[in-house]
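The values are calculated or read from the model by the stated rules, or taken from the named source; none is laboratory data. Everything quoted here is computed from the prediction, not taken from an experiment. Cβ atoms come from the backbone with ideal geometry, glycine included; neighbour counts cover every protein chain shown. Heads up: the accessible areas ignore ligands, DNA and RNA and are worked out on the full protein's heavy atoms, side chains in. Shrake-Rupley method; radii C 1.70, N 1.55, O 1.52, S 1.80 Å.
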Amino acid sequence: MTQPSPDRRRYTRDMAEAQIRASGSPDALEALSPVQTRAMLHELRVHQIELEMQNEELRRAQVELDATLARYFDLYDLAPVGYCTLSEHGLLLQANLTAASLLGLARQALIRQPISRFILKADQDIYYLYHKQLLETAEAQSCELRMVKNDGTPFWAHLMGTHAQDADGVPVHRVVLIDVSERKRMEAALQDKNTELEGAKRAADKANQAKSEFLSSMSHELRSPLNAILGFAQLMQAGSPALTATQSARIEEVLKAGWYLLELINEILDLAVVESGKLSLSLEPLSLSEVMLECETMIESQAQESGIRISFSPSDCACVVNADRTHLKQVLINLLSNAVKYNRRGGSVEVTCSSDTSNRVRISVRDTGAGLPAEKLVQLFQPFNRLGQETGLVQGTGIGLVVSKRLTEMMGGEIGVQSTVGLGSVFWIELDSAIARQLTAAESKSLVLLQAPVQAGAALRTVLYIEDNRANMQLVEEIIALRPNMRFLSAVDGFQGIALARTHQPAVILMDIDLPDISGLEALRILRADPATQQIPVLALSANAIPRDIQKGLAAGFFRYVTKPIRIDTFMEALDLALEFARNPSARADFEGTP
């Protein structure tokens, strides 16, 4: 049956009430005609049916509401987290079964109990701060603290509270209570494990340091007796009367073993120094063709003795790399020596260089030796591992490649190898490219165009450069030398530069950021704090070229921040601005705001 609409029910009720009012009295009802009476009875019956339907609808709604409430209370009571309602003073007004289970009391026994009773005394302040913020801000708050059950068992809990009102408009707090004891135990275990690992790392570092110091000490101690052995063996070999053939052969074996032992001691010492962290490298722009020429000269005699042809490609190596000259040569000589030693008789070694778009330069040493299978390649850079060559005719220590790998990585590079059994191997290193140490002819011409005109009788202007890298110092000195009215001063560390600035009062100071004693930022702070030097404009010349470093430098008070490798026109423009400012420091505002 279709239920009447609300409008229909109102119409029926209004009609019935109108009929009763119109009748006025029982006598009036008797005066109604039979038709009117039947119509009124019909309307009353319809109204009665509608009321019964409404009552049935209300009963169904009540049943659905009861079922919904039952589901709600099931969810509320059986939720995996505790739900509590607290008064503003922290008294428990309501709790679900989970909350009662967490606190160890029946639900009814919790009513009117202060929640602070279940909080560990040591963590009471955490709760009071949480409760205070909840009252003051009326915003959701959370905290983690230790609670105790009714029987005294402690557990970690996470509390999340919100501000609300009950049915009568009284302020209350709704609190979600979560047991996080297991997570806390896992975090504590992880912290213990991290502490244990840090302790193990410190112990390993200490043991490694002790090993390196022992190897270094023993290497030095072995040199003295070895020096006597090799020295007297050479005297015997060259002495008079001449040795017999048998004696000469025996002395030759002594010398051969002695020189090998010296090589082993040297490489062990190199490895010890590298691993101890005491090795100091001076990275600077290096002409790769110059380094290659030196290596070619050093390896030529060894190659000739072995019948190996070595070819270098000078045009390919017309690059500039950022490296330490001494240790780059050490790495390359090791690769070249291995390529000769483990080659075939009459074989060849080819040295090539290449660069890519990522500003990296690769130096490759290709030989025509026996090559290495894949299972031996993975063992290649292990100390004292000669990959089965221990019983061969070629002497070696198995340390050279390890040292080469460490040195290459310390120079910011990478070392690798490709090998094919029967065809040979290619060992390569990659390094960062850099600017040349000296000016090219084209650069010199461009500098001439950038020279400022010199007026007759103009005073000599002094520029002080504080820099510990020799190549960078030389480059800037050559640039400054193109200005005949300028005098160049240099300092290799911050304190020396500060002393020179106070003594000579330069017009401009050029400052590297990474100095060996104090940073350029600290040196700038000292200069700015001294009335004698505070007005001297200081330009930063630094390889720290990310925007954050530049902003930090400018904020610290550098007049300009020029990044390396320097663009000569940019550098000269900044220098001219600094010189102009030095002439008229009161016009500082005219020079501010430009990079």
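A few notes on this one:
- Summed over the residues of segment 75-138 and divided among them, the accessible surface reaches 54 Å² per residue at a probe radius of 1.4 Å.
- Carbon and sulfur %, accessible surface of segment 492-584 computed with the full protein complex present, 1.4 Å: 53 percent
- Local electrostatic count at Arg487 - Lys and Arg +1, Asp and Glu -1, tallied over other residues with Cβ under 15 Å: 0
- Relative to its residue count, segment 35-186 spans a Cα convex hull of 152 Å³ per residue.
- Charge dipole (segment 328-371, unit charges on Cβ, about Cα centre) - positive-most of Thr352, Ser364, Tyr342: Tyr342
- Using the average count of surrounding beta-carbon atoms within 10 Å as a protection proxy, the listed peptides 35-42, 238-245, 572-579 rank, highest first, as 572-579, 35-42, 238-245.
- Between the residues Ile568, Pro516, Ala555, the greatest Cα displacement towards the positive end of the dipole of segment 465-580, with unit charges on the Cβ of Lys, Arg, Asp and Glu, is found for Ala555.
- Against the compact-protein benchmark of 2.2 N^0.38 Å, the Cα-based radius of gyration of segment 135-183 scales to 1.39.
- Highest mean first, the peptides 109-120, 47-58, 338-349 sorted by other C-beta atoms within 10 Å per residue fall in the order 338-349, 109-120, 47-58.
- Listed residue pairs exceeding 24 Å between alpha carbons, taken from Lys206/Lys329; Lys211/Lys405; Lys341/Lys405; Lys211/Lys329; Lys149/Lys193; Lys149/Lys184: Lys206/Lys329; Lys211/Lys329; Lys149/Lys193
- Percent of C-alpha pairs per 5 Å bin, segment 109-204, short to long: 3, 11, 17, 19, 16, 11, 8, 6, 4, 3, 2, 1, 0, 0
- Sequence ranges 147-154, 494-501, 177-184, ranked by mean other-Cβ count within 10 angstrom, highest first: 494-501, 177-184, 147-154
- Here segment 228-261 and segment 475-548 have alpha carbon centers that stand 58 Å from each other.
- Whole-Hz ³J(HN,Hα) from phi, Karplus 6.51 cos²θ - 1.76 cosθ + 1.60, for segment 327-336, glycine and proline x: 7, 5, 4, 4, 5, 5, 5, 5, 5, 5
- Figure note: Tyr128, Tyr83 ranked by solvent-accessible area, largest first, 1.4 Å probe, ligands and nucleic acids not counted: Tyr128, Tyr83.
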